[in-house]
Amino acid sequence: MHNEIVSHLNSAVPGCNATAVIAEVGDSSIFVDSAHILKVCEDLATGDWEMHTLQVITGTDYEDRIEVSYVLCSFTKNNELILKVKLPKADTNSVPEIDSVCSVWKAADWQERECYDMVGVIFKNHPNLKRILCPEDWEGWPLRKDYVVAEEYHGMKINPEHKINNADHHFFKKIQETQEDPKKVSFSWKGE
């Protein structure tokens, strides 16, 4: 199916540079050029592939890029597709941009807001792009690898010692030990 969709997209949306990544283990996906994401999604939703359902949008921070993944589904064709784009990431403060797909699937609204809030991707032409999980004045993108948790927010301590549950204490202790000796520690929450 993936190779057929790639062939179709490359002729239906010139310049999208669709490429299938067939996984030996796990789910296969299709990468497209980020500048063409809206046209690609419109084609998949309204064309013969009948991808009428957007299940999830998520952002993943890699060392040199941010990937945005769209999991699409056609109940009439009994198909599922993971569509991905790569966005450049220059530094902690860079905020990559991509077109919103809210005009294709209403379900994209809150999912794009979450991706913006957690990973720092601007979805152009989104009807209400603002933070959805963090307060509006929160600084940074919590799911980026280079994110540094602030010690305070408006005078309140974030993760005060006496408020963290025992499992969290164990986890943070393991993190500290790992930084001191990475070969020594297991990340089991049960302390094993």
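Assorted remarks:
- Filtered residues of segment 162-178 (kept if out of contact with any Gly (no Cβ under 8 Å at 6 or more places or on another chain) and either surrounded by 12 or more Cβ atoms within 10 Å (Cβ to Cβ) or at pLDDT 70 or above (or both)): Ile164, Asp168, Phe171, Phe172, Lys173, Lys174, Ile175, Gln176, Glu177, Thr178
- Test: residue in segment 24-42 that is under 22 Å from His126 (Cβ atoms), in a loop (DSSP other than H, G, I, E, B) and either touching a helix residue (DSSP H, G or I) at 6+ places or on another chain (Cβ under 6 Å) or at pLDDT below 95 (or both): yes
- Scanning segment 43-52 for residues that are part of a loop (DSSP other than H, G, I, E, B) and charged (D, E, K, R) gives Asp48, Glu50.
- Members of segment 45-55 that are touching a helix residue (DSSP H, G or I) at 6+ places or on another chain (Cβ under 8 Å) and surrounded by 15 or more Cβ atoms within 10 Å (Cβ to Cβ): Trp49, Met51, His52, Leu54
- Checked against (1) surrounded by 10 or more Cβ atoms within 10 Å (Cβ to Cβ); (2) of a type outside the set (S, T, N, Q); (3) modelled with pLDDT of 90 or more, Glu136 passes all but a single condition, namely (1).
- Scanning segment 1-16 for residues that are surrounded by 15 or more Cβ atoms within 10 Å (Cβ to Cβ), touching a residue at least 12 places away in the same chain (Cβ under 8 Å) and farther than 15 Å from Ile82 by Cβ yields His8, Ala12, Val13, Cys16.
- All positions within segment 142-156 that are part of a loop (DSSP other than H, G, I, E, B), among the hydrophobic types (A, V, I, L, M, F, W, C) and exposed (fewer than 11 other Cβ atoms within 10 Å of the Cβ): Val148, Val149
- Residues of segment 51-105 that turn out to be among the small types (Gly, Ala, Ser) and more than 19 Å from Tyr147 (Cβ to Cβ), as a count: 4
- Residues satisfying the stated conditions in segment 21-34, i.e. within 11 Å of Asp99 (Cβ to Cβ) and free of Cβ contacts under 8 Å to residues at least 60 places away in the same chain: none
- Counted residues, segment 111-145 - those being more than 23 Å from Lys39 (Cβ to Cβ) and either of a type in the set (Phe, Trp, Tyr) or touching a His at 6+ places or on another chain (Cβ under 6 Å) (or both): 2
- Boolean, Glu139 is outside any strand (DSSP E or B) and under 27 Å from Ala20 (Cβ atoms): no
- Filter pass, Lys183 being touching a His at 6+ places or on another chain (Cβ under 9 Å), exposed (fewer than 10 other Cβ atoms within 10 Å of the Cβ) and either aliphatic (A, V, I, L, M) or modelled with pLDDT under 65 (or both): no
- Selection within segment 111-129 - exposed (fewer than 15 other Cβ atoms within 10 Å of the Cβ) and either within 16 Å of the chain's Cα centre (by Cα) or closer than 19 Å to Tyr70 by Cα (or both): Lys124, Asn125, Pro127
The values are calculated or read from the model by the stated rules, or taken from the named source; none is laboratory data. What you see is a predicted model; the values in this text were computed from it and never measured. Here the Cβ is made from the backbone with ideal geometry for all residues, glycine too, and neighbour counts use every protein chain on show.
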